[in-house]
Amino acid sequence: MVRERPKAVSLTDAAAERVKHLLARDGKSYLRIGVKNGGCAGMEYVMDYVANPEPHDERVDDKGVEIVIESRALLFLLGSEIDYEITPLHSKFVFRNPNETDACGCGESVTLVEARLPD
């Protein structure tokens, strides 16, 4: 029997509904996520809507959304959950990442370590 492997990232219901809306509006097929160097804490999350994945992207299907993860960001994002929050002051996507060790005061950048894989 083949055991299904866990998803690299997941979406909450709110995030999935918002992404589906944005993909349909922009005529794109995939949510592409990654990280880049920047901000006072060292790294920033990046999201984009794309028509096609890059050749080495990791692909995840969650709640009817096709997610692609930049290959160089995969170990930093393993186990993350993406949520969509609406408050009286903002509406935004939020990453809940077990590999995040610190964040700047404004919440725009984070410190990430690579996920520890089981031995």
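When volume of the Cα convex hull per residue in Å³ is computed from the coordinates, the matching label among (1) 87; (2) 117; (3) 129 is (3). As a length-normalised measure over Cα pairs under 8 Å and 6 or more apart, the relative contact order of the chain settles at 28 percent. Considering only ALA103, TYR45, ILE67, the residue lying farthest towards the positive end of the dipole of the chain is ILE67, judged by Cα position with unit charges set on Cβ.
Remark on region 36-89: ratio of C-alpha radius of gyration to 2.2 N^0.38 Å is 1.31. Sorting the segments 88-95, 55-62 by their mean number of nearby beta carbons within 10 angstrom, highest to lowest, gives 55-62, 88-95. For the chain, the solvent-accessible area works out to 63 Å² per residue, with a probe of 1.4 Å and every protein chain left in place. Entry note, the chain: the mean residue ellipticity at 222 nm calculated from DSSP H runs of n ≥ 4, each adding -39500 (n - 2.57), is -4500 deg cm²/dmol after division by the residues and rounding to the nearest 500.
The values are calculated or read from the model by the stated rules, or taken from the named source; none is laboratory data. Note that the structure is a prediction, hence the values are computed from the model and not measured. Note that we place each Cβ from the backbone using ideal geometry, even for glycine, and neighbour counts take in every protein chain shown. Areas reflect the complete protein model, heavy atoms only, side chains present, ligands, DNA and RNA absent. Shrake-Rupley method; radii C 1.70, N 1.55, O 1.52, S 1.80 Å.
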